[in-house]
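All of the numbers you see were taken from the coordinates with simple rules; none came from a lab. Quick caveat: nothing in here was measured; it's all calculated off a predicted structure. Heads up, the Cβs are rebuilt from the backbone with ideal geometry, glycines too, and the neighbour counts pull from every protein chain shown.
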Amino acid sequence: MSDEEVRLRGVGVSAGIGRGTVFIHHPEDEEPPKKKIDSSDVSGEIARFEAALIATRAQILEMQQKIAEAIGAKDASIFDAHLLVVEDHTLIDEVLRTLRRDLWNVEFVFSEVANRYARTLSEIDDPYLRERAFDIHDVTKRIIRNLLGRSGRPLSQMEEPHIIVAHNLTPSDAATLNRQYVLGIATDIGSRTSHTAIMARSLNIPAIVGLKDASSRLKNGDHVLLDGNTGLLILNPADQALWEYGELEVRLEQVEEQLTSLRDTACVTTDGTEIILSANIELPEDVSLVNQAGARGVGLYRTEFFFLNKTELPNEEEQFRAYQAVAQAVYPQTVIIRTLDLGGDKFLSHSHIPMEINPFLGCRAIRFCLERPDIFKAQLRAILRASVAGNVRLMYPMISGLSELRQANEVLESCRAELRTDGIQFNEEMETGIMIEIPSAVLVADALAKEADFFSIGTNDLIQYTVAVDRVNERIAHLYEPTHPAIVRLLEMTVTAAHSNDIWVGVCGEMAGEVALTPLLVGLGVDELSASPGLVPRVKKAVQTLNAKQCAQLAAEIRTMTSATEILAKCEAVARKHYPELLTLSGGAE
Ligand code: PEP
Ligand code: MG
């Protein structure tokens, strides 16, 4: 591409403007492409292969030297085994033979031969040879990255601020980011309620998804401007665009400043209805954002992210320390610790959990925990132990019915009994609530409400499971409608079931942070809203501007409506009348 300005359009999923150079991220375990070649191409492929081996050797030597300087020659000697792989003639000769015989591109041939070689070694019952298999695996990835001309740096080792551009960024990638260097995130695929987008919002990192082919059109070092409000990514922004965005940033900062002044004010409607406004966090260190945002504690702590950015499962002690730190940081406010919600779009890279064809409908969240009581109990014990450090509540995700809640509570009870026997303190009164995010749970909410201390509605999943729209599939994102009349009815049924059984009900899905929908949620009688910390100030402003009786009237009118678009328009009209500046906060300078 020349230096001309080029505009790429996607979907803005985390507001804000980022400007900087591109860092293209390729997943580590991406399969190399497979292409037929002509016999006349063989010498060219061999030359590429030799160049990649030389480059890889130089990189390994450089790493070895750095490690030797930093921690000593002994630790650096582990790279000797890596160097042996680059010089292994049996492996290299087989690659050349296969290349000449089968006529496939060299990265494909090399990957096939090296994987076969590593597999054979790993199957031999000898610890030394098994280690060699790991070395081959590591070096293979590096050689393939060199063959493909890709940067070998993983995201976690980014050393300067960049805009990350990727085909896809998994929640595990997001959890291992070195955030201080991330100016923005742009991906080819993805959606607003994918956990990567959720995490970007929590961290106030501007983000765009659904850019289709941005990761192949852009290259490392390109200069871009990213508008997370409108979903516009501008390559080589011209003076006019830079000037317009400069102006926009000044306007946005002014609105943000006004919102900051609300930090210590109460979240109460003009007619005196208080809404508990709390924040969602993904990692323990995010807790500082909660207090800064003026939220009342943590309404949803997604504990699985603590597992995603580790190379091994965190043990009970590590978890205890993390939960305790969060409980102490928000005290005297409350933290609602949600038990592991692995599966769906969140996977552990280090434990050998089989892949499923349909992970969102598979062994996810509470189902996984009930299948793995060892992992579940370690977490429950850690939460119970942390419960004396502050105000801690526990919440189970993905409860589909009463028997699941009872099974989870039985495991919890067994953990309590163990701690009592061991004389370890915990809060006997700790409240236990459940997420309402599966339609079946709504339909039996009256029964669940008798055995749970509170409900928190996970609209992200409730919507996907109700309208059968995969929340991370951008092709059908237009069908993912929070204002679908079915969703409005399910929300209302949940609130009614909770209140008639004297328990409170909150919303912790992304709907809670959408100021256009605040009038509807307040009107339905929701007691608590829990949103990304970055969105908390605007939700507070929205609530403070609304009248709860008028919102209830709005909800009553919406009850008779049948079109998602019309319901959305009706909510937006109320929002625009009361707080137009909050809606334009998500407008751009196009
Ligand atoms: C939800 O489903 O709305 C929710 C809050 O949980 P998660 O987004 O982590 O699935
Ligand atoms: Mg959920």
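Estimated translational diffusion coefficient (Stokes-Einstein, Kirkwood radius over Cα pairs, 4 °C, 1.567 mPa s) of the chain: 50 µm² per second. Couplings 3J(HN,Hα) for segment 162-175, derived from phi with the Karplus relation 6.51 cos²θ - 1.76 cosθ + 1.60 (θ = phi - 60°), are 8, 9, 7, 10, 8, 5, 8, 10, 7, x, 5, 4, 4, 6 Hz, where x marks Gly and Pro.
The modelled label-to-label distance for the pair Ser440/Thr21, using points 7 Å beyond Cα in the direction of Cβ, is 5.3 nm.
Applying 1/(1 + (r/R0)^6) with r as the Cβ-Cβ distance of Asn409 and Asn291 and R0 = 41 angstrom yields a FRET efficiency of 0.85. A DSSP coil position with no more than 15 other Cβ atoms inside 10 Å describes the following trypsin sites (Lys or Arg not before Pro) in segment 184-290: Lys212, Lys219, Arg263. Shape analysis of segment 1-67 places it in the oblate category; the axes a ≥ b ≥ c from the Cα gyration tensor give an a/c of at least 1.5, with a/b not above b/c. Among residues other than Thr98 with Cβ under 12 Å from its Cβ, the summed charge is -1 (Lys and Arg +1, Asp and Glu -1).
With 0.36 nm allotted per residue and the present C-alpha distance subtracted, the Ala556-Ile54 stretch has 173.6 nm of extension available.
Rounded if a/c is under 1.5, else prolate if a/b beats b/c, else oblate: with a ≥ b ≥ c from the C-alpha gyration tensor eigenvalues square-rooted, which is segment 193-277? Note, shape of segment 193-277 comes out oblate. Estimated from the Cβ-Cβ distance and a Förster radius of 22 angstrom, the FRET efficiency linking Thr496 and Glu572 is about 0.30.
The gain in end-to-end length when the Phe134 to Glu428 segment is fully stretched comes to 101.1 nm, 0.36 nm per residue minus the alpha carbon separation. With K and R counted +1 and D and E -1, the other residues having a Cβ less than 13 Å from that of Leu83 yield a net charge of -3. Amide H contacts under 5 Å for Trp504: Phe455, restricted to partners 5 or more places along the chain or on a different chain, H placed in the peptide plane at 1.01 Å from N. To the nearest 0.05, how large is the calculated FRET efficiency for Ala417 and Lys450 if R₀ is 30 Å and r is the Cβ-Cβ distance? Once the sixth-power term is evaluated, E becomes 0.80. The sum of -39500 (n - 2.57) across all DSSP H runs of n ≥ 4, divided by the residue count of the chain, sets its helix-only mean residue ellipticity at 222 nm to -15000 deg cm²/dmol. You can think of it this way: the chain between Arg7 and Gln328 has 110.9 nm of extra reach, that is 0.36 nm per residue less the Cα-Cα gap. Taking Cβ atoms as reference points and 10 Å as the exclusive limit, the residues near Ala295 contribute a net charge of +3, counting Lys and Arg as +1 and Asp and Glu as -1. Straight-line reach from Lys34: taking Cα to Cα under 20 Å and skipping same-chain neighbours fewer than 8 places apart, the lysines in range are Lys141. Give the distance, in whole Å, between the Cα centre of segment 1-15 and the Cα centre of segment 272-351. The distance from the Cα centre of segment 1-15 to that of segment 272-351 comes to 33 Å. Cross-link reach is defined here as a Cα-Cα straight distance under 14 Å, omitting same-chain residues fewer than 8 places apart; for Lys541 the aspartates and glutamates meeting it are Glu256, Glu257, Asp264, Glu274, Glu514, Glu581. Amide H contacts for Ala531 (H built 1.01 Å from N in the peptide plane; partners 5 or more residues away or on another chain; cut-off under 5 Å): Ser278, Ala279, Asn280. A simple spin-label model places pseudo-atoms 7 Å from Cα toward Cβ; at Arg150 and Arg475 they are separated by 2.3 nm.
Span-like helix check, the chain: qualifying full DSSP H segments, with Cα axial length of 24 Å or more and mean Kyte-Doolittle of -1.0 or more, are 42-71, 106-123, 127-147, 239-260, 402-421. Here the Karplus curve 6.51 cos²θ - 1.76 cosθ + 1.60, taken at θ = phi - 60°, turns the phi angles of segment 289-301 into couplings of 5, 5, 5, 4, 6, x, 8, 8, x, 10, x, 7, 10 Hz, with x standing for Gly and Pro. In whole angstrom, segment 133-255 maps to an equivalent ellipsoid with semi-axes of 29, 17, 13, each derived as √(5λ) from the alpha carbon gyration tensor and ordered largest first. Summarising the amide proton neighbourhood of Ile208: residues at separation of 5 or more, or on other chains, whose placed amide H is nearer than 5 Å comprise Val13, Ile185, Ala186, Thr187.
State the percent of C-alpha pairs, over all pairs in segment 39-148, separated by a distance greater than 17 angstrom. In whole percent, the share of Cα-Cα pairs in segment 39-148 beyond 17 Å is 55.
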